[in-house]
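Taking it in order: structure first as structure tokens, then the write-up.
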Amino acid sequence: MNGASLLPLLLLACAAGFFAARPNGDPDRPLWRAGLGALPAIMLVGAVIAAAEAGSASARYLALFAVLLASVAALLLVGIPERRWPPVDDMGDEERV
Amino acid sequence: MSVSFDPAWLGARIDGVDPSPLVAGMWLGAAGLLLCALWLRGYRTGNRIALAGGMLAVGAALYSHDVVNLPEIASALVIGGSIGLMLARRCGGHRLPWLVVVAYALLGLAGMATGTALLLNPFAFGLVDGPGRVTPAHGTLLAGGIAIGGLAALCALLMLVRRTQDYLALVGSGAGWTAAALGLAMGNSAMVLAGGMAGAAGLRLGWRARAIRRAALRALPSGSRFP
């Protein structure tokens with residue numbers, strides 16, 4: 001698989017991400033409460049594929065370690081926006097974008 | 001002149017075999033769900049759509065690859081997911097923003113570990129040339145992914161030490177670019193799409209947050225100090 005064939009897809013994704021990252025319409029929901037963090041959690045897919053195709057023992061355990069870290073991070077980034085929030089926000093206005 | 005559809009765009013061609021319509025549909029469906037999640041990021045629905053997209057992408061990855069160690073992978077997923085779920089549910093409300101920073105640091109470390117595992121096993125992903133060495137293009141992508149992942153983890157650690165969250169969007173952007181670089185090296189369209197979207201969106205949000213901070217500082221009268 002030639003990665004160069006995916007370059008147009010990357011440009012398309014960058015354009016989509018740039019236009020979709022509009023200012024947040026809800027001022028009570030700053031960045032860390034939004035679901036943006038779930039996107040980088042796609043790293044879990046790469047870790048799973050690396051673990052699935054691992055040949056040597058060192059590569060396999062390293063990939064399994066990556067799966068463990070990425071699954072912790074993915075559940076954190078998906079689960080935290082589902083929590084109920086404290087009434088006082090300590091984040092400051094700069095994060096309300 | 002007829003225009004033929006190239007399945008290589010889907011990034012799911014494995015060992016020279018074109019993807020099945022099911023796998024191609026799963027990749028594209030996951031990418032579409034993640035784009036919808038980014039568009040609806042201000043609402044709780046967007047978070048759940050992103051969860052659905054991520055699960056679909058993981059399912060496509062497991063379905064389309066010849067998995068040799070499924071019990072270990074499932075165990076790591078269950079253990080890691082349990083730890084993440086317990087932390088997300090039990091942690092106090094005032095610590096939740098810092099938990100997001102920790103999650104980005106873990107993603108950066110996971111990117112470093114994944115890139116290193118790919119470098120240790122380049123034959124499985126076709127990253128080598130004739131003599132059996134990693135090609136310069138793939139080596140550059142993997143090194144870039146490892147470096148950006150390490151930088152994101154380091155920045156997240158510095159944010160935890162300095163008790164600031166001014167660069168949260170930029171750290172998330174770094175995690176996204178790591179996924180995009182590794183996806184380009186592996187030829188995985190879902191990682192390229194989601195990583196590119198997260199990277200570009202994080203850069204734009206981080207740039208806007210920086211502009212807002214500067215405007216707020218300019219609005220203060222000269223010589224004023226916070227108590």
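Yes/no per residue for (1) in contact with a helix residue (DSSP H, G or I) (Cβ under 6 Å, 6 or more places away or on another chain); (2) of a type outside the set (A, V, I, L, M, F, W, C):
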{"position": "B:Leu141", "(1), (2)": "yes, no"}
{"position": "B:Ala147", "(1), (2)": "no, no"}
{"position": "B:Arg162", "(1), (2)": "no, yes"}
{"position": "B:Val171", "(1), (2)": "yes, no"}
{"position": "B:Ala179", "(1), (2)": "yes, no"}
{"position": "B:Met186", "(1), (2)": "yes, no"}
{"position": "B:Ala190", "(1), (2)": "yes, no"}
{"position": "B:Gly195", "(1), (2)": "yes, yes"}
{"position": "B:Ala201", "(1), (2)": "yes, no"}
Based on this model, can you work out whether B:Ala156 counts as within 9 Å of chain A (Cβ to nearest Cβ), aliphatic (A, V, I, L, M) and buried (at least 22 other Cβ atoms within 10 Å of the Cβ)? no
Pairs where the first residue, in region A:57-76, is at the interface with another protein chain (Cβ under 7 Å from one of its Cβ atoms) and the second is crowded, with 22+ Cβ neighbours inside 10 Å and outside any helix (DSSP H, G or I), C-beta under 6 Å, 6+ apart: A:Arg60/A:Ala54; A:Ala63/A:Ala54
Given (1) at pLDDT 85 or above; (2) under 27 Å from B:Ala24 (Cβ atoms); (3) within 7 Å of chain A (Cβ to nearest Cβ), number of the condition B:Gly84 does not satisfy: (2)
Checking the condition closer than 25 Å to B:Asp66 by Cα and of a type in the set (A, V, I, L, M), which residue from B:Leu141, B:Leu154, B:Leu170, B:Leu106 passes? B:Leu141
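Can you go through B:Gly108, B:Gly46, B:Gly53, B:Gly25 and tell me which one is in a helix (DSSP H, G or I) and modelled with pLDDT of 90 or more?
B:Gly108
Residue by residue through region B:162-176, note down the ones that are more than 7 Å from chain A (Cβ to nearest Cβ) and farther than 21 Å from B:Leu33 by Cβ.
Keep residues of region B:162-176 that are more than 7 Å from chain A (Cβ to nearest Cβ), which gives B:162-164, B:167, B:170-171, B:173-174.
Within region B:162-176, B:Arg162, B:Arg163, B:Thr164, B:Tyr167, B:Leu170, B:Val171, B:Gly174 meet the criteria.
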If we keep just the residues of region B:125-144 that are under 21 Å from A:Ser56 (Cα atoms) and crowded, with 22+ Cβ neighbours inside 10 Å, which is modelled with the lowest pLDDT? B:Leu127
When region B:122-145 is checked residue by residue, the ones that are over 20 Å from A:Ala54 (Cβ atoms) and not in a loop (DSSP other than H, G, I, E, B) are B:Pro136, B:Ala137, B:Thr140, B:Gly144
Only one of B:Leu99, B:Leu77 that is modelled with pLDDT of 85 or more, over 30 Å from A:Phe18 (Cα atoms) and part of a helix (DSSP H, G or I): B:Leu77
I'm checking my understanding of the structure. Among residues of region B:67-105 that are touching a Pro at 6+ places or on another chain (Cβ under 8 Å) and open to solvent by less than 60 Å² (accessible area, probe 1.4 Å), which one is nearest to B:Leu157 (Cα to Cα)? B:Tyr104
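The values are calculated or read from the model by the stated rules, or taken from the named source; none is laboratory data. As the structure is a prediction and not an experimental result, all values here were calculated from the model. FYI the Cβ positions are ideal-geometry reconstructions off the backbone, even for glycines, and counts take in every protein chain you see. Surface accessibility is based on the protein's heavy atoms, side chains included, excluding ligands, DNA and RNA. Shrake-Rupley method; radii C 1.70, N 1.55, O 1.52, S 1.80 Å.
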